[in-house]
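What follows is calculated from the coordinates using simple rules that are stated; it is not laboratory data. Quantities reported herein were computed from a predicted structural model and do not represent experimental measurements. Reconstructed Cβ throughout: ideal geometry from the backbone, glycine too, with neighbour counts over all protein chains shown.
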């Protein structure tokens, strides 16, 4: 049964975060493999795998929470990427962050906006470089 | 122009919170009417009136933020009611709160769940009493 | 396997919190039974059941965390009781709270001390009343 | 020397909080007299007794911090009273709270405003009743 | 009227932050120009432009809030600079941060002190280099 | 008497943090020597020097608090080192951090685990280099 939870979680983890899922679990391997397991099984297996809310909404909710916390820029960027991966648009991400100014204050919103800017730029650059890779491979 | 922002915000404030909108502004009148004005104009006029996200999503995001803050039970309950008002289902509200356990911890999620329970019960009671009012008026 | 995690967690939950364990799960039954299940399985099954730290230390750590959060008085009181249940002394609980003044500030420490005071008084009263119950039953 | 720090702190504590100083220290006596001592000696003896900022400014800063924390309503009310005691005006307190909406968000500002409203009302009532006491004693 | 609010806010923004005002708004232009607009209009137009508190006090309050939040070092540094710009002395800034140790804890106070140290050093260096620039231009 | 508190605190500060104690006080010298003094006298003299809890437990409690705060990575790393210095094992530190996932959420726990990983690696490296230094000095 553990295996079922784990498998379900692992699939969801990868669906949202792509290769970052594996990198995250790997990064915890030598210090606390159980934390990687708990993230996989509890966060992604028990929570994100639930029906009731689609993944786009779930990613936006997570961004809202991380903007409000204001102290986890690594996870915020990672979930902004995850949001883009499951089809949330850039404009929607900007809207989520803007709304948080009301509840978490302007510094939280501004720092989150700068984080989103970095993620978006990084995506553009990769797209650009893969396009030119395509071009130069012709 | 201030009047336009104000009107737009006031309309949105009432659309989400119903008679609570007026009660909120009234409750601030003798201490800081400008805070009531800023809530109306900035929160509801500038932010909630933006397109890009529907009101249901906005209310869920606000609940996510308030669960994460963990220190504004009054506003949390008020926005759970607001969420119900604009069509978010009870089950969706429960899902939002459950997901927050991952980011804000279990105490935040549990206290939010108790808050939701109170709001839901209160709604049931009112419905019940209005039904019996209907019945007894027959 | 789920049953094993659940059973292990449920046993630990009761070992620490006594009859409050059941009351907590019951209180969530009609709104979100899964939250009660997650608390039981993840918090108490996955975490508190781990070796490596004895229960006294774990309860003191939880108190430290809840004092620092500062926004979950219900859980703080519940874990102060839990700490007493597993053998942490009143003086040790006071020490934990005092130390938090350094990291979480004085308001957090003072509010936690008032919470501890309430819990301790309540215990005294119960002991007192059970003693007089014993006496009057003679 | 401890006595000197203690005395200096105790004087400052009373200057700001009046009879609440004694009540606070008393309320901690049976659970943790050292916390009362640390508040007196460190907070009021080491910090508030420093030159460099006048007491009015210090009280406004403390209110700003407590509004931002958002989880210590008891201390917030107590320091709003303290601010009034040392000559900060009601309007200045309202301004401090309003400004915090920008940094700590609207829920924090609104709850603080309601706390201020309670304190102000309570003052009015006492003044009113002491006036009528004066009148009736004539 | 929007233009009036905007203009008023923009003037105040520049009065406090100098060329950083423009840099901030520019940095948000390609991701969320409305966030730059809201900062200008709400934070600086609606709040900082209010009478009732002088700018020195307002900057000290903002520093108090940002030290307490503890998760916005960028904004903290920016407002320490802003405080110096409007005439708050270095010693007063140090006093504000010291006082926050009581409410937000020592880690928050220490990190803020290190941030202030950086800002002060940077100022010294610039003054130094502009002096030597003057000298070498002779 | 101040000297006694200071001496007691300074001894405890060094016992836990080794040469970092001096470095910390030095780093504050030119901006706020009093903050270094307060840390020494209040945190280490008044609090850590108290009996009632051994230093290992105190360091674990501090780690719990700093993981929960989530915004003081510098102090978190410093206290993880301090914990190792007074005999807390790596596995115990990992356990403390794991437990915090329940109360402070997964992002807080993950960032703390990465911080611990860095500290542990750094220790290994130093041990390794001192061993090879021993070897090469033979």
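Averaged over peptide B:52-58, the number of partner chain Cβ atoms lying within 10 Å of each residue's Cβ comes to 4. Note on the protein assembly as shown: helix-only mean residue ellipticity at 222 nm, from DSSP H runs of 4+ residues weighted -39500 (n - 2.57) and normalised by residue number, equals -26000 deg cm²/dmol.
Remark: relative contact order (region B:1-50) = 54 percent; criterion is Cα-Cα distance under 8 angstrom and separation of 6 or more residues.
Ordering F:103, E:48 from the fewest to the most neighbouring beta carbons within 10 Å gives E:48, F:103. Here the chain B residue lying nearest the rotation axis onto C, judged by its C-beta and given with the distance in whole angstrom, is B:71, 2.
Relative to the other identical copies, residue A:87 shows label-point distances of 1.9, 5.6, 5.9, 5.9, 6.5 nm, where the label point lies 7 Å from Cα along the Cβ direction and values run shortest first.
Reported to two decimal places, what Rg/Rh ratio describes region B:37-80 when computed on Cα atoms with Rh from the Kirkwood expression? With Rg and the Kirkwood Rh in hand, the quotient comes to 0.99. Summary for residue C:22: label point 7 Å along Cα→Cβ; distances to the equivalent points in the other copies, ascending, 4.9, 4.9, 4.9, 6.2, 7.2 nm. Alpha-carbon geometry of chain B: the Rg and the Dmax are 16.4, 51 Å, given in that order. Shape summary of the protein assembly as shown, radius of gyration then Dmax from alpha carbon positions: 27.2, 103 Å. For residue E:74, the distances from its label point to the matching points in the remaining copies are 1.9, 1.9, 3.2, 3.6, 3.8 nm, ordered from shortest, with each point set 7 Å beyond Cα toward Cβ. Contact order for chain D, expressed relative to its length and based on alpha carbon pairs under 8 Å spaced 6+ residues apart, stands at 22 percent. Given a cut-off of under 8 Å on Cα pairs at least six residues apart, what relative contact order in percent is computed for region A:74-120? After rounding, I find 45 percent. Placing one equal scatterer on every Cα of region A:59-116 and applying the Debye formula, the log10 ratio I(q)/I(0) at q = 0.17, 0.28 Å⁻¹ is -0.41, -1.16. For region E:1-50, a Kirkwood radius taken over Cα pairs fed into Stokes-Einstein (25 °C, viscosity 0.890 mPa s) yields D = 236 µm²/s. With a simple spin-label model that places each label point 7 Å from the Cα along the Cα-to-Cβ direction, the separation between residue C:54 and residue E:124 comes to 5.1 nm.
Looking only at D:126, D:50, D:37, which one moves most when chain D is put into a Gaussian network model with springs between Cα atoms under 10 Å? Comparing D:126, D:50, D:37 in a Gaussian network model of chain D, the most mobile one is D:126. Counting Cβ atoms of other protein chains within 10 Å of each Cβ in A:16-29 and taking the mean gives 1. The mean number of partner chain beta-carbon atoms within 10 angstrom of a residue's beta-carbon across peptide C:106-117 is 6.
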